[in-house]
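Colleague: The structure under discussion is supplied below as structure tokens; questions concerning it will follow.
Each reported figure results from applying straightforward, stated rules to the coordinates on display, with no laboratory input. The model shown is predicted, which means the values in this text are computed figures rather than measured ones. Don't worry about glycine lacking a Cβ; one is built from the backbone with ideal geometry, like all the others, and counts go over all protein chains shown.
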Amino acid sequence: MIRIHQSVSGAENVQPFDLTDRGLLLADGLFDTSRVVGGRIILMRAHLARLTGDAAALGIEVTPEALEALAGEAVPGGAEGALRLTVTRGPGGRGLAGETAGAPTLMARFSPMEMPYPMPPVRLGISAIRRNSTSPTARHKTLSYTDNIMALREVVAAGHEEALLLSPDGKVACASAANVFARFGNRLVTPPVSDGAMPGIVRGWLLQAAIGAGFETAEESLTPDRLTQADGIFLTNSLRIFQPVSTFAGRSLDTSLPPALIQLGHALLEGAFDD
């Protein structure tokens, strides 16, 4: 098994990277990004479980213990920032079905950064690129992010800041790197995985935790028209936590988040939901 990590002090490679690695040549692998607060990985167990589960779905064997050890090497004590863990199938022969060396490549990169909470509002625009809910890239955090990159570039060129991807039949799926929630009064609604939504860590946490904070939550199909009827729209991912949407489909939206929701995010960052 090849293990590489990079931290604030620069590159620190346990072993040189093999340029025949299938992650590099074919995007044959997965990744996970988590927020680090005071040296703690927020919702660490959920992140490790999702990454190992995604790897298993692609037939790549990796254990949570190996990933946790690598993360521990990469994250400095008391640090604030973002941790990315990457798993590839490893070095292999030419071609899609080329034989591999039998050992995956594991990489960790910690990026120190200050991230406000809540995040500043963003302008949301619809991309022409559609999200294929039957694809493994829609259900697992694979390295193949070309659609997401091009969707974001498209809407930024049109004057927006974040891209909304729809399913082939026009239902809301997700943003380029976040899940979408619509707030209807005290009810928080997010698209189901069957419509192309990525099963994000904060998405899954919020569907459960928000109930204890007095909200109703639901996974339901949403259309862009239905989204415009919401009292508010916000995005979730492991770095942003909650990020309100300021404009969508030519409409200005209320960017204030309910106090109970803001407090829930503070509790998450303070470690109240750590394992």
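Colleague: How high is the relative contact order of segment 2-112? Use alpha-carbon pairs under 8 Å, at least six apart in sequence, and give a whole percent.
Modeller: Details: 217 pairs, mean separation 41.2, N = 111.
So the answer I get is 37 percent.
Colleague: Further, regarding this structure: Using a simple charge model, +1 on the beta-carbon of Lys and Arg, -1 on the beta-carbon of Asp and Glu, nothing else, what dipole does segment 2-112 show about its Cα centre, in debye to the nearest 20?
Modeller: On the way: 10 positive and 12 negative charges, 49 e Å.
Dipole about the Cα centre, nearest 20: 240 debye.
Colleague: What dipole magnitude, in Debye to the nearest 20, does the chain give about its Cα centre under +1 on Lys/Arg Cβ and -1 on Asp/Glu Cβ?
Modeller: Details: 23 positive and 28 negative charges, 86 e Å.
Rounded to the nearest 20 debye, it is 420 debye.
Colleague: So how much slack lies between Glu73 and Ser252, counting 0.36 nm per residue of separation and subtracting their Cα-Cα distance, in nm? The partial results should precede the final answer.
Modeller: Values: separation 179, 0.36 × 179 = 64.44 nm, distance 4.47 nm.
Length gained between Glu73 and Ser252: 60.0 nm.
Colleague: Right, next: What list of ³J(HN,Hα) values in whole Hz, one per residue of segment 127-140 in order, does the Karplus curve 6.51 cos²θ - 1.76 cosθ + 1.60 (θ = phi - 60°) give from phi, with Gly and Pro shown as x?
Modeller: Karplus values, whole Hz, x for Gly and Pro: 8, 6, 7, 9, 9, 8, 5, 7, 7, x, 5, 8, 9, 10.
Colleague: Which log10 I(q)/I(0) values, to two decimals, does the chain give at q = 0.17 Å⁻¹ under the Debye formula with one point per Cα?
Modeller: Evaluating at q = 0.17 Å⁻¹ gives log10 I(q)/I(0) of -1.40.
Colleague: Another one. I'd like to know which of Val202, Gly232, His140 lies farthest towards the positive end of the charge dipole of the chain, counting +1 on Cβ of Lys and Arg and -1 on Cβ of Asp and Glu.
Modeller: Gly232
Colleague: Determine the shape class of segment 188-249: with a ≥ b ≥ c the square roots of the Cα gyration tensor eigenvalues, call it rounded for a/c under 1.5, and otherwise prolate if a/b is greater than b/c, oblate otherwise. Don't skip to the answer; put the middle values down first.
Modeller: Numbers: a/c = 1.37, a/b = 1.28, b/c = 1.06.
Verdict is rounded for segment 188-249.
Colleague: On to the next question. Just the Cα atoms of segment 122-269, one point each, no solvent: what log10 I(q)/I(0) does Debye give at q = 0.13 Å⁻¹?
Modeller: Rounded to two decimals, the profile gives -0.52.
Colleague: Answer rounded, prolate or oblate for segment 81-138, using the Cα gyration tensor with square roots of eigenvalues a ≥ b ≥ c: rounded when a/c is under 1.5, else prolate when a/b is larger than b/c, else oblate. Don't skip to the end; give the middle numbers.
Modeller: Details: a/c = 4.22, a/b = 1.45, b/c = 2.92.
Since a/c reaches 1.5 but b/c is at least a/b, the shape of segment 81-138 is classed as oblate.
Colleague: What is the Cα convex hull volume of segment 74-189 when expressed per residue in Å³? Intermediate values should be presented prior to the final figure.
Modeller: Numbers: hull volume 21.2 nm³, N = 116.
Taking the convex hull of the Cα positions in segment 74-189, it is 183 Å³ per residue.
Colleague: Where does segment 2-112 land on the Kirkwood hydrodynamic radius, alpha-carbon pairs, in angstrom? Mind showing how you got there, number by number?
Modeller: Values: mean 1/r = 0.0707 Å⁻¹.
Evaluated over segment 2-112, this radius sits at 14.1 Å.
Colleague: Show me the GluC sites (Glu not before Pro) within segment 60-139 that DSSP assigns to loop and that have at most 11 other Cβ atoms within 10 Å of their Cβ.
Modeller: Working: sites: Glu61, Glu65, Glu68, Glu73, Glu80, Glu99, Glu114; in loops: Glu61, Glu80, Glu99, Glu114.
Sparse-neighbourhood loop GluC sites (Glu not before Pro): Glu99, Glu114.
Colleague: Let me ask something else about it. Please work out the C-alpha center-to-center distance from segment 94-155 to segment 34-66 and express it in whole Å.
Modeller: Between the Cα centres of segment 94-155 and segment 34-66 lies a distance of 16 Å.
Colleague: So what's the angle, to the nearest 10 degrees on a 0 to 90 scale, between helix 64-74 and the longest Cα principal axis of the chain?
Modeller: So the inclination is approximately 90 degrees.
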